[in-house]
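A.B. asks: Below is one structure. I have some questions about it.
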Amino acid sequence: MMKNRLNLPSEADMKRVLRFDQKKLPSFPQAAMKLLDASRDGTASLKDISKIVETDPGISVKVLEIVNSALYGLRRKITTLPDAVVILGLDEVKKLAIGMTIFENMFKKGSNQQFDRLLFWRHSLAVAVLSEQIAKEIGLLSPEEAYIAGLLHDIGKIFLDIQGKKNYGDFINDLSISTELVIEKERDFIGLGHDDIGAYFCSLWKLPEKFVIAVKYHHQPSDHQNFTKEEVLLISIVALADFLCWTQGIGSFDFIRPPVLSPEVERTIDLDSIDIIKCILQMNKEMERISEFYHFVFPSVSQLRENLLWANLKLSNATTRYYYRKDPLIDLQDTTHTMEGNSFSNLDLEFAKPLAKANSIKEVLKIIMYQIGRIFQPLHWSILLKEPKTGDMVFSVVVGANKEKLQGTKLPRGEGIAGHIMTTGQSLIIKDVSKEKKFSTRVDRNTGFTTQSIIGTPLKTDDKTFGVIELINRVSDDSFSDKDLEVLSSIAEYAAIAIERSYYNQALTNLATRDSLTGLKNRWSFERTVSNKNVFQKEYGSIFSMLIIKIDGVSQINKVQVPEASDTLYKNITQILSKTKRRGDNLFRYGEDIFIMLLPLTYSEDSKKLKSRINQTFSMAISKKKLPAITISIISYTLGSGDSTLLKNIMGEILSKSKKPLNKDVITDIEDSLQPLLEQERDKIEKNKTFGRKVSLTGSYIPLKTGASGSIRVEKISLIAIGFRILKSNRIKVNDFLDIQFVLDDITKHLIKRRVVIREIKGDYFEADFYNPPPYAKNLGFYLIN
């Protein structure tokens, strides 16, 4: 009956994707099964629970170990399970025992290094803890059941890792550069998703039906199933907890994925009626304690995580609409313009998913600008951002004709169409600028072209406008329409959410991986660096050295000077170490008074030379009174790359005697920081146009003005520009648009179609920019690399 309700895959389905090696196939731990049975039996006593746990001596020892760890901070040592139950409570010990049993027997060891089991366990625990918190918040009768369901929700990934016919490590590598959702990519790449596989084995193990249902449907709609209210609620709790963990950067893989929440979750759980932030903070608190026992790093940045949460919620809400085909813009598709056969109706594939996946603001902006060019075909289009000090508008991102002249140009506050949009926060269309008093001629004077028609719309986050998207003229010389403005406004709403999310995500990553005082990589970065042997060996070679640099005497300085004196001192120390180290060496601030240098391909003799040079530099700085009288001690290690994971143990002993640096969870508003951040990250490749490769390719062209076709020979090409010859006479001028196509001369023989704008003419040789080149040009990209 349950299989019919669940629509589980058949054994034949499973054998198509898994090897089903019975010797390697993990079984559900017997002790955990008995504990689950005891959980359902309300009469189970302290003695019963103790007996079950004691049947697995290893787990019994582990449970007592975690009870006596810093996680609970007990004043006296607990030596027996009954004592642990008396102090912590029956439910807490059951939860610990089940979790530890599952971890030790199923989750601890994996087949692929790409599938980091500790990271996966961190995600599973976080979803379990958050599920329990949400269940308590909404009044579910058994929050413990929500914890167990959360713990098991991704268990199918374990089977894909150890028994999959296709290598799960290859899947993860492919996923990291894909724009697809994890579950959709699994079904496409492997044949079944981890939800179906996990539910199959939970059913095979005869786990309680409610857990099987939660595992199966935490990624799938379940409206069509005849589930009870309690079952639907449990599914929704686990799905919401999983979703929130991904938005917080606590996923089961070491990269950000676009989270999607089934619409029925919001119908089942009234998100406005529960305190999500309270649940998140409670989860953070418990996970930070747990992390010390399991030895994984759980970075927590309070203010930023909350901002990122809301930005992700808004973005994922929009992504969900596209994913479930509830596209608010779909009724506008008949009015939009197409290029290379693409229409705005494909926005869910070409816009929403890449935006949700993008990890940096630069990536987000490239995707936004490409889609705007594809849909509207403007002559040039820009994002203007506010300069924080003056309030002036800056052309921060410019695409199209004369972009070099316009990039970085400033408009005084309130000037022109963009200034009006920034001030009022309202979209605006000007079909003929010659009749518009608000239009400023400054842009035309700088670029040398004549503006005819403009549409613009604000980029907003909540009630703050931080930028403006502005489109000037069409390639076709047609004016923009009211429908164009409607579509652009809808895109801007989505784009603003994506920019906001990316901004906070980038800031969170920076705070989580770098020391806020010195800007150096921190302890978490160090542990990530040394945890993967293969990656470590590629970066540091088969032999490497490590210097542990300890600073003593800072506390004495704090006693006689202002507290900020130590901050200044650590900044000066960082500056000296950065100047003294070699170019390829990596410097970390591991503790408040401990710095680490990792030295690639460095034997003991060379590490001793560097150690001596550092000591001399510090002695000289102290003698010249550039530094106060502090003491520097340096320990040197030379190891093989296979020993890299031992470094965490070495550092753990040292850190226990040292204070952790205090990071300040401070960020500035997006409207004050976005423009300066983009200035720092401006793409040098786009500023300095270079041809990537000399070639000899045949192709054809059609000028947009005349429609007359002709032949070309391509001689130079990059991702953003092209050089070609037209042998026959023609009337092509600078700034003319051509549609060209040519065939690559590699094994793929791909046909490349692009629109170009002519930049320079030398006889029969033409240099042109690609008009609106796609951000992910795989065919041409691989060709240029090879």
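A.B. asks: Compute the whole-percent fraction of alpha carbon pairs in the range 382-489 spaced more than 24 Å apart.
C.D. replies: 16
A.B. asks: Given H placed 1.01 Å from N in the peptide plane, which residues other than close sequence neighbours of residue 520 have an amide H under 5 Å from its amide H?
C.D. replies: Residues meeting the criterion, in which the H sits 1.01 Å from N, are 515.
A.B. asks: While we're on this one: Provide, for q = 0.10, 0.17, 0.18 Å⁻¹, the log10 of I(q)/I(0) from a solvent-free Debye sum over equal Cα point scatterers in the range 416-567.
C.D. replies: These q points yield log10 I(q)/I(0) values of -0.66, -1.01, -1.09.
A.B. asks: Give me the Å³ per residue figure for the convex hull around the C-alpha atoms of the range 161-217.
C.D. replies: Normalising the Cα hull of the range 161-217 by residue number yields 77 Å³.
A.B. asks: Could you go through the range 754-763 in sequence order and give the Karplus-derived ³J(HN,Hα) for each residue, using 6.51 cos²θ - 1.76 cosθ + 1.60 with θ = phi - 60°, rounded to whole Hz, and x for Gly and Pro?
C.D. replies: 8, 9, 10, 10, 5, 10, 8, 10, 10, x
A.B. asks: Nearest 20 debye, what's the magnitude of the dipole of the range 744-786 about its Cα centre given +1 on Lys and Arg Cβ and -1 on Asp and Glu Cβ?
C.D. replies: 220
A.B. asks: Continuing with this model, one more query. May I ask for the distance between the Cα centers of the range 367-388 and the range 423-452, given as a whole number of Å?
C.D. replies: Distance between centres, Cα-based: 15 Å.
A.B. asks: Moving to a separate point now. Toward the positive end of the charge dipole of the range 116-266, about the Cα centre and with charges on Cβ (Lys, Arg +1; Asp, Glu -1), which of 191, 221, 234 goes farthest?
C.D. replies: Of the candidates, 191 comes out farthest on the positive side.
A.B. asks: Quote the charge dipole size of the range 387-439 about the Cα centre in Debye, to the nearest 20; the model charges only the Cβ of Lys and Arg (+1) and of Asp and Glu (-1).
C.D. replies: Charge dipole of the range 387-439: 80 debye, to the nearest 20.
A.B. asks: Taking the Cα centre of the range 425-530 as origin, sum charge times position over the Cβ atoms of Lys and Arg (+1) and Asp and Glu (-1), and report the length of that vector in debye to the nearest 20.
C.D. replies: With only Lys, Arg, Asp and Glu charged at Cβ, the dipole is about 460 debye.
A.B. asks: I would also like to ask the following. Through the Karplus equation 6.51 cos²θ - 1.76 cosθ + 1.60, θ set to phi - 60°, convert the phi angles of the range 625-635 into ³J(HN,Hα) values in whole Hz; use x for Gly and Pro.
C.D. replies: Residue by residue, the range 625-635 yields 6, 7, 10, x, 6, 10, 10, 10, 10, 10, 10 Hz.
A.B. asks: Semi-axes of the equivalent ellipsoid of the range 141-294: what are they in whole Å, largest first, if each equals the square root of 5 times a C-alpha gyration tensor eigenvalue?
C.D. replies: After diagonalising the Cα gyration tensor, the semi-axes are 24, 20, 16 Å.
A.B. asks: Toward the positive end of the charge dipole of the range 417-530, about the Cα centre and with charges on Cβ (Lys, Arg +1; Asp, Glu -1), which of 492, 503, 455 goes farthest?
C.D. replies: The Cα lying farthest towards the positive end belongs to 503.
A.B. asks: For a quick check: with amide H placed at 1.01 Å from N, whose amide H comes under 5 Å from residue 590's, ignoring anything fewer than 5 positions away on the same chain?
C.D. replies: Counting only residues 5 or more places away or on other chains, the set is 595, 596.
A.B. asks: Skipping prolines and chain starts, which residues have an amide H placed within reach, meaning under 5 Å, of the one on residue 759, given they are 5 or more residues away or on another chain?
C.D. replies: Amide H to amide H, under 5 Å and 5 or more residues apart or across chains, residue 759 pairs with 735, 767, 768, 769.
A.B. asks: Tell me, what ³J(HN,Hα) does each residue in the range 12-21 have, in order and in whole Hz, if you take phi through Karplus 6.51 cos²θ - 1.76 cosθ + 1.60 with θ = phi - 60° and put x for Gly and Pro?
C.D. replies: Rounded to whole hertz, the list is 5, 4, 5, 6, 6, 10, 10, 7, 6, 6.
A.B. asks: A follow-up question, please. How high is the relative contact order of the range 716-783, in percent, counting Cα pairs under 8 Å that sit 6 or more residues apart?
C.D. replies: 35
Every number in this text was worked out from the coordinates using simple rules, so none of it is lab data. Predicted, not measured: the structure shown is a model, and the values here were computed from it. With ideal geometry, Cβ positions are generated from the backbone for all residues, glycine too; neighbour counts draw on all protein chains shown.
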